[in-house]
Amino acid sequence: MAGYGMPLDSVLPRGDRRIGTPGQLACWAVCSERFCGPGLLCSVRGDDPVPPVTGYLCRYCRQRSALGQAPVSCPLCGAPLDVRPAVSGSGWMRQPTIPSMTRLSCGTIRCQINGTYVPVAEFELAAGDWIYFSPKVLLWTDPATTLTFPQPFRGRSPGMMEAHGPGHIGVAENRAGEVIALPLRRAQPACVRPGRFLCATGNVKYQWLPSGVSYVTMAAEPEYPAGRYLLNLTVAGRQGLVLLHASGDAFLRDLADSESILVSPASLLYWEGTVDLSLHLEFPYVPGQHVRRVFWRSSSIWLRVCGPGRVIIDSACGPAEDARKADRESFASQQRWDAPATTTTTE
């Protein structure tokens, strides 16, 4: 079977060439299980039926790196190259854990992930480079590193701290989990739930946006299952790096156009800007008399995620937020389950 990161000539002999576009052939060479599609970024150029591979195409971050620069792991997201993808029958793919001492790069910024239980992200900043993060995640810093709080007139939130090079700095979340590296390209916005953001390079622009996922209670009070505000991230330059924190295992899934799935609102880690979110109300069957069923106690609030785009969830999402009595008309879709069918036998 074709190995990840192997040259195309070693996995696609001349006597066994497949018919397809250059993008399809390169994606098949990098990923024999066809997790990559022809619309993704491919390391191919020209109209040759079997184009040469000029780099690695990571199946997790879907970005390209040059040959010889990623002998062990992807230099952009840290995913190991020698790990076979773990995909469930329903289509969820396990995001591999970044091994300790793995090095990431974004332009002139160098990052190294240290540790496994509570991993630390150590940055080497050159002159002119900077990152930003929440003050609570700052672990250590060099005396030469300049720490500042942005001014409101500069268009950045004063709640974030900035670290300007040259120097070294380390950030870590104060709880167990793993670091998820999210490389961003230009015109590739991503949305992150509150509490998941760790840090980002200075060329990644962020904006707090009001959440469009909400409902109104019978007392006319708004509720936000996925958080009142969402962090919208975009890249001003060519390449940016965002680090997120996941308390459990992270799973990703690429949704096709109009394909949807129901997830717990508290499990969302991040999703692409093309993904649409809406609320779904589920009424499981509750035995007993109908008059004893209480609306807000016998219903489950779900988040309907609709493609196209990628969504990543966290398995250790914790309990869902307490939902009070909700207005039924606030939900985009509903489902009421009837009593299970019973069968009787006669002797």
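Only the coordinates and a few stated rules stand behind these numbers; no lab work does. Fair warning: this is a prediction, and the values are worked out from it, not measured in the lab. Cβ: placed from backbone, ideal geometry, glycine included. Neighbour counts: every protein chain shown.
Values as computed for the structure displayed
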quantity: Fully extended contour minus Cα-Cα distance, from E162 to W140, at 0.36 nm per residue; calculated: 6.6 nm
quantity: Sorted by Cβ density within 10 Å, fewest first, the residues L76, L209; calculated: L209, L76
quantity: 19 Å reach of a label modelled at M101, 7 Å along Cα-to-Cβ, counting backbone N of segment 174-199; calculated: 179
quantity: Per-pair calculated FRET efficiency, R0 = 25 Å: Q207 and S260 via Cβ, rounded to 0.05; calculated: 0.45
quantity: Taking L139, L277 and counting other C-beta atoms within 10 Å, the order from fewest to most; calculated: L139, L277
quantity: Proxy reagent accessibility, fewest Cβ within 10 Å first, across F149, F197, F133; calculated: F149, F133, F197
